[in-house]
1. Has the stretch 56-63 got any residue that is at pLDDT 55 or above, on the phi < 0 side of the Ramachandran plot, out of contact with any helix residue (DSSP H, G or I) (no Cβ under 8 Å at 6 or more places or on another chain) and assigned to a helix (DSSP H, G or I)?
2. For the condition under 25 Å from residue 122 (Cβ atoms), at pLDDT 90 or above, touching a strand residue (DSSP E or B) at 6+ places or on another chain (Cβ under 9 Å) and surrounded by 15 or more Cβ atoms within 10 Å (Cβ to Cβ), what is the one hit in 281, 273?
3. Working only within the stretch 327-340, note down all residues that are under 28 Å from the mean Cα position of the chain (by Cα) and either under 18 Å from residue 145 (Cα atoms) or modelled with pLDDT under 95 (or both).
4. Which residue out of 242, 251 is at pLDDT 90 or above, in contact with a strand residue (DSSP E or B) (Cβ under 8 Å, 6 or more places away or on another chain), farther than 23 Å from residue 286 by Cβ and assigned to a loop (DSSP other than H, G, I, E, B)?
5. Please determine, by comparing only the residues of the stretch 302-326 that are over 22 Å from residue 119 (Cα atoms) and either without any contact (Cβ under 8 Å) to a residue 40 or more places away in the chain or surrounded by 13 or more Cβ atoms within 10 Å (Cβ to Cβ) (or both), which one is nearest to the chain's Cα centre (by Cα).
6. Name every residue in the stretch 98-122 that is at pLDDT below 90 and under 25 Å from residue 338 (Cα atoms), in order of residue number.
7. Which residue pairs have Cβ atoms closer than 8 Å, lie 6 or more positions apart in sequence or on different chains, and pair a first residue in the stretch 214-230 that is under 15 Å from residue 252 (Cβ atoms) with a second residue that is at pLDDT below 85 and surrounded by fewer than 17 Cβ atoms within 10 Å (Cβ to Cβ)?
């Protein structure tokens with residue numbers, strides 16, 4: 001009896017071992033490409049990351065022809081993103097925060113808009129609107145002003161106070177919100193400032209879809225590693241607030257891929273991504289700089305991408321007169337002072353009431 005049970009138990013054990021062995025040898029006939037591939041990453045010290053920021057910050061002025069693509073994230077149903085999807089642009093930027101931006105219709109080269117910022121005030125001239133003439137304005141405002149309350153108040157009427165909601169949505173979002181100073185920090189990066197900021201380095205892995213490879217490729221879905229470099233502002237109460245966050249792609253090489261700029265409350269003001277690197281100018285002095293820049297403004301709900309049309313024709317390092325960055329209303333357009341409008345709203349006046357009072361005075 002003992003021997004019979006012994007052999008029976010031994011047979012069961014051998015059978016289990018055989019099953020486990022055979023199942024371990026079975027392999028799937030096809031590879032599961034839906035699982036993200038973990039990409040190999042490179043290492044870098046914090047000093048190297050800081051040096052990359054300062055290398056881009058060495059560009060003190062620039063003039064370039066660019067392809068502009070505008071995307072309105074607020075009122076896409078109105079077709080604004082299609083209307084202003086592609087345009088030719090001419091950009092002149094100069095430190096500390098000056099910019100001239102001209103937007104043109106492709107091929108016929110007719111100016112749609114011109115805008116400037118002298119570092120403190122911005123001016124936007126809307127020159128073409130498809131023929132209606134309703135949107136042609138000369139808008140003036142302050143770089144640091146928050147016009148959220150103004151946008152909410154005027155979203156139900158146009159600048160003439162006629163209650164045409166779609167008109168003002170197109171006007172405010174396509175041009176008034178497209179402030180030229182939004183692009184200065186993207187194109188002229190501020191250098192590192194160790195005296196007034198702390199810097200902290202960390203790592204992160206992010207699942208992404210690589211659009212440059214075929215859908216069935218095992219490298220379509222990947223885990224990409226990044227270094228995060230946080231610039232921390234020292235507050236009077238001894239607390240710290242994130243001022244900027246830099247993302248460095250660690251795959252293949254370590255390169256600056258993204259810059260996020262935060263306001264005093266820790267909210268994102270600008271989310272800037274930098275595309276493939278290349279050489280700007282024909283001098284050989286400005287290599288490995290981004291050839292495409294994409295600026296997303298969450299508060300203003302729009303996105304703009306800027307791509308150099310001819311990287312070798314870009315001019316870097318010239319000094320431009322101050323009046324280049326102060327747009328004049330040479331077209332005699334109706335002027336809209338956003339600071340004045342904002343003050344009127346805070347005093348309890350609606351744009352329609354203000355327009356009526358101005359008409360009565362006339």
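The values are calculated or read from the model by the stated rules, or taken from the named source; none is laboratory data. Predicted, not measured: the structure shown is a model, and the values here were computed from it. Cβ sites come from the backbone with ideal geometry, for glycine too, and all protein chains shown count toward neighbours.
1. yes
2. Residue meeting the stated conditions: 273.
3. If the condition is that a residue be under 28 Å from the mean Cα position of the chain (by Cα) and either under 18 Å from residue 145 (Cα atoms) or modelled with pLDDT under 95 (or both), then 336, 337, 338, 339 are the ones that fit.
4. Just a single option satisfies the conditions, and that option is 251.
5. Out of the qualifying residues, it is 307.
6. Matches in the stretch 98-122: 103, 104, 111, 112, 113.
7. Correct list of pairs: 219/210; 219/213; 222/210.
Every residue, every condition in (1) in a strand (DSSP E or B); (2) at pLDDT below 95, yes or no:
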| residue | (1), (2) |
| --- | --- |
| 89 | yes, yes |
| 92 | yes, no |
| 96 | no, yes |
| 124 | yes, yes |
| 130 | no, yes |
| 145 | no, yes |
| 151 | no, yes |
